[in-house]
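Chemist: Following this message is one structure expressed as C-alpha cells.
The values are calculated or read from the model by the stated rules, or taken from the named source; none is laboratory data. As the structure is a computational prediction, the values presented were derived from the model and not from experiment. Using ideal geometry, Cβ is built from the backbone for each residue, glycine included, and neighbour counts are taken over all protein chains shown.
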Amino acid sequence: MRDFHLPGRSPVWAEGGVCATSSPLAAQVAVQMLRDGGNALDAAMAGAFVLGITEPPMCGLGGDCFALISPAGSEEIHAFNGSGRAVAGADPQVLRDRGEASVPLTDPLAVTVPGAVDGFFRMNALWGKKGMDTILAPAIHYFETGVAMAPRVVSDYAGLAPNMTEAGKAHFLPWGRAPRPGDRLTLPGQAQVLRRMASDGAQAFYTGEVAEDIITTLTALGGPHTLDDLAAHEGMETDPISAEYHGIELWEHPPNGQGATAILLANILAQFDIAAMDPNGAKRMHIQAEATRLAYDARNRLLADPDHMARLDHMLDLDTARRLAALINPAKATAKLTESADAVHKDTVYITVVDSDRMSVSLIYSVFHGFGSNICTDKFGIMLQNRGAGFSLTPGHANEMAPGKRPMHTIIPGMLKQDGKVIMPFGVMGGAYQACGHAHFLSNIRDFGMDPQAAIDAPRAFPEGDVLTIENGFAPEVLQELSDMGHTLGAPKTAIGGAQAIRIHDNGFLEAGSDPRKDGCAIGY
C-alpha cells in the first residue's frame with residue numbers, strides 16, 4: 001500500500017465495469033457506453049475515437065491499431081491486426097538512391113495505408129454489440145464542439161507545432177500558436193468524416209471524397225499512393241502468442257508488432273532471481289537494461305511482417321532466452337544495442353476496458369511519431385501516420401520496405417492470464433519502450449506483488465543506444481551504482497511512456513490503474 005503522506009494515486013475499484021486510458025473525457029465516454037448497454041469493445045472503440053481529439057499528436061483516423069480481446073464467458077484471447085501495408089508503388093531503392101540510410105519521417109514513402117478505421121469496423125462486426133453509428137456519436141460531438149487542451153498534450157504539442165505544415169496548422173493550430181492548457185480544439189473536417197463513416201461504414205474513409213483527399217495530398221508531394229491502395233486494405237484476425245513468467249502467462253499480439261520482443265525479454269528476466277532484488281535498485285535496473293539490449297537486438301534483426309518473418313519460433317524459444325541470459329554480467333554493463341530498424345518515438349494512446357460480463361479489451365492506437373508524418377490532408381484535416389519509417393532500407397533484411405508489406409510496429413497491447421483465467425488487460429505506451437515496459441510491469445506485478453497502480457507508478461529506465469535513460473524517481477546511490485557498473489546515464493526528454501491496467505479479481509471486483517505520466521485516469525461504476 002502506498003505512503004499516503006506522499007503525492008500519488010490509489011487503484012480504482014469498481015464492479016460494473018472500468019475503463020483506463022490517458023484522457024478522462026475518453027474514459028468517461030467509454031464508461032457511459034457500458035452503462036448504456038454496450039460491451040467492452042464498444043466502449044474501448046468509443047473512447048479511442050475520442051482520443052483522436054483529446055490527444056491529436058498521438059493518434060487519429062490516419063493511424064493504425066492492434067487489439068487483444070477476451071469475449072464474455074470465455075478465457076480465450078483473440079488478436080486483431082489493424083495495421084496498414086506499404087502501397088503498391090513503394091520502392092526502397094528510390095530512397096537508397098537519394099542516399100537515405102533510413103526512411104525519412106516526413107517523406108510520403110513513410111505513409112503506409114491507415115489501418116485503424118477498417119480495424120475498428122471489422123472488430124465491431126466480430127465482437128461488438130452496438131452499431132458503429134452509436135459508437136461514433138460521442139466523438140462526432142466532441143470533434144464538432146471541441147475539447148480543452150490538457151497539460152500533457154500541450155507539452156507534447158510544444159516541440160511539434162513549429163514544424164507543422166500549412167495544412168496542419170490550419171486544422172490543428174487554430175490559435176495561431178502552440179496551445180495552452182484550456183484552449184479549445186475543434187476538428188470539423190474530421191467530424192464530417194466521422195459522420196460519413198457512421199452513415200456509410202468504413203468505405204466512406206477508404207473510397208470516395210475522403211480517399212481522394214488523402215491521395216491528392218500524397219501525390220502532390222511525390223508519393224506513389226493510389227486510390228486502389230486504400231480500397232484494397234483489409235485488417236485481419238490473428239493468433240496471439242504467449243509465454244509463462246513464474247506462473248503468470250504473458251499474452252501478446254504477434255508480429256508485425258513487437259510483442260515477441262516482450263516475451264523474449266520476460267524469458268530472459270526469468271533466468272534471474274529478480275524478486276530477491278530491490279524493485280527500484282541498481283541490480284534490477286542493470287539486469288533489465290542488459291536483457292532489454294539483447295532482446296531488442298534480436299527484434300531489430302528478426303522481426304517483420306508475419307508473411308516475411310521466418311524466425312518467430314526462435315524469439316519465443318526458452319533456450320534462446322537462456323543463451324542470451326548467459327551473456328549478461330550481473331556486475332558490469334557489456335551488452336550493446338545495435339542500431340534500431342525503426343526510429344525511436346514515444347507517441348501512442350492506449351485504452352483498456354472490462355465490462356460487467358468480464359469481456360476484456362486491450363487496444364492500442366497510434367500515428368507513430370508526434371502527428372505522424374506531419375502530412376495533413378487539405379480538406380478534411382486527416383494527419384497521416386509515418387509507420388513506413390519502421391521499415392529497414394537494408395537490402396534483404398526481413399523488414400525491408402516492399403509493396404504490400406507491413407512494417408515492424410512498436411505498439412503492442414497486452415494481457416495476463418493465471419490458472420487459465422484472464423486476470424488483467426494492460427498496455428504500456430512509449431514507442432520502442434513498450435516491450436521493455438511490458439516486462440517491467442509484469443515483473444512489478446509478479447515479482448513484487450504490486451497492485452496495478454503501484455506497478456505503473458514505479459520509476460522506469462530504458463536503454464536507448466548506449467545511454468541508459470532513467471527517470472527522476474531513483475535514489476542518488478542507485479544512479480551512482482549504475483554508473484559504477486559501466487552504464488552511461490541520461491535523463492529522458494519526457495517521462496518514459498505511460499500505462500493503463502485493469503485487474504479482474506475473483507471476488508467480483510475490478511482494480512484499475514492509470515499512469516500519472518499522462519493526463520488520464522481510470523473510471524468505473
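Chemist: Are there any pairs with C-beta distances below 7 angstrom linking a residue in the stretch 133-144 that is on the phi < 0 side of the Ramachandran plot to a residue that is outside any helix (DSSP H, G or I), with the two at least 6 apart or on different chains, and if so which?
Modeler: As it stands, the answer is 143/186; 143/187; 144/186, since those pairs meet every condition given.
Chemist: Please determine whether any residue of the stretch 425-440 is of a type in the set (A, V, I, L, M), in contact with a Ser or Thr (Cβ under 6 Å, 6 or more places away or on another chain), closer than 18 Å to residue 360 by Cα and touching a residue at least 40 places away in the same chain (Cβ under 8 Å).
Modeler: So far as the stretch 425-440 goes, no, none of its residues is of a type in the set (A, V, I, L, M), in contact with a Ser or Thr (Cβ under 6 Å, 6 or more places away or on another chain), closer than 18 Å to residue 360 by Cα and touching a residue at least 40 places away in the same chain (Cβ under 8 Å).
Chemist: Next question. Only residues that are part of a loop (DSSP other than H, G, I, E, B), under 25 Å from the mean Cα position of the chain (by Cα) and of a type outside the set (Asp, Glu): list them for the stretch 280-308, please.
Modeler: Within the stretch 280-308, 280, 303, 304, 306, 308 qualify.
Chemist: Select from the stretch 429-450 the residues that are aliphatic (A, V, I, L, M) and in contact with a helix residue (DSSP H, G or I) (Cβ under 7 Å, 6 or more places away or on another chain) and write down the one among them that is surrounded by the fewest Cβ atoms within 10 Å (Cβ to Cβ).
Modeler: Looking at residues that are aliphatic (A, V, I, L, M) and in contact with a helix residue (DSSP H, G or I) (Cβ under 7 Å, 6 or more places away or on another chain), I get 450.
Chemist: Go through the stretch 1-10 and count every residue that is touching a Ser or Thr at 6+ places or on another chain (Cβ under 9 Å) and either among the hydroxyl-bearing types (Ser, Thr, Tyr) or under 16 Å from residue 513 (Cβ atoms) (or both).
Modeler: Counting residues in the stretch 1-10 that are touching a Ser or Thr at 6+ places or on another chain (Cβ under 9 Å) and either among the hydroxyl-bearing types (Ser, Thr, Tyr) or under 16 Å from residue 513 (Cβ atoms) (or both) gives 3.
Chemist: Just checking, how many residues over the stretch 487-512 are out of contact with any Asp or Glu (no Cβ under 7 Å at 6 or more places or on another chain), of a type in the set (Gly, Ala, Ser) and not in a loop (DSSP other than H, G, I, E, B)?
Modeler: Residues that pass the stated criteria total 3.
Chemist: Name the residue, out of 494, 488, that is of a type outside the set (A, V, I, L, M, F, W, C), surrounded by fewer than 20 Cβ atoms within 10 Å (Cβ to Cβ) and touching a residue at least 24 places away in the same chain (Cβ under 8 Å).
Modeler: Matching residue, one of 494, 488: 494.
Chemist: Show the residue pairs meeting these rules: Cβ distance below 9 Å; 6+ apart or different chains; first residue within the stretch 150-166 and more than 12 Å from residue 58 (Cβ to Cβ) and at pLDDT below 90; second residue among the hydroxyl-bearing types (Ser, Thr, Tyr) and surrounded by 15 or more Cβ atoms within 10 Å (Cβ to Cβ).
Modeler: 163/106
Chemist: Every residue in the stretch 401-430 that is small (Gly, Ala, Ser) and closer than 12 Å to residue 391 by Cβ, please.
Modeler: Once the filter is applied, which keeps residues that are small (Gly, Ala, Ser) and closer than 12 Å to residue 391 by Cβ, the stretch 401-430 yields only 402.
Chemist: Still on this model: Which residues, taken from the stretch 216-245, are surrounded by 19 or more Cβ atoms within 10 Å (Cβ to Cβ), outside any strand (DSSP E or B) and either out of contact with any strand residue (DSSP E or B) (no Cβ under 8 Å at 6 or more places or on another chain) or modelled with pLDDT under 95 (or both)?
Modeler: 223, 225, 229, 230, 233
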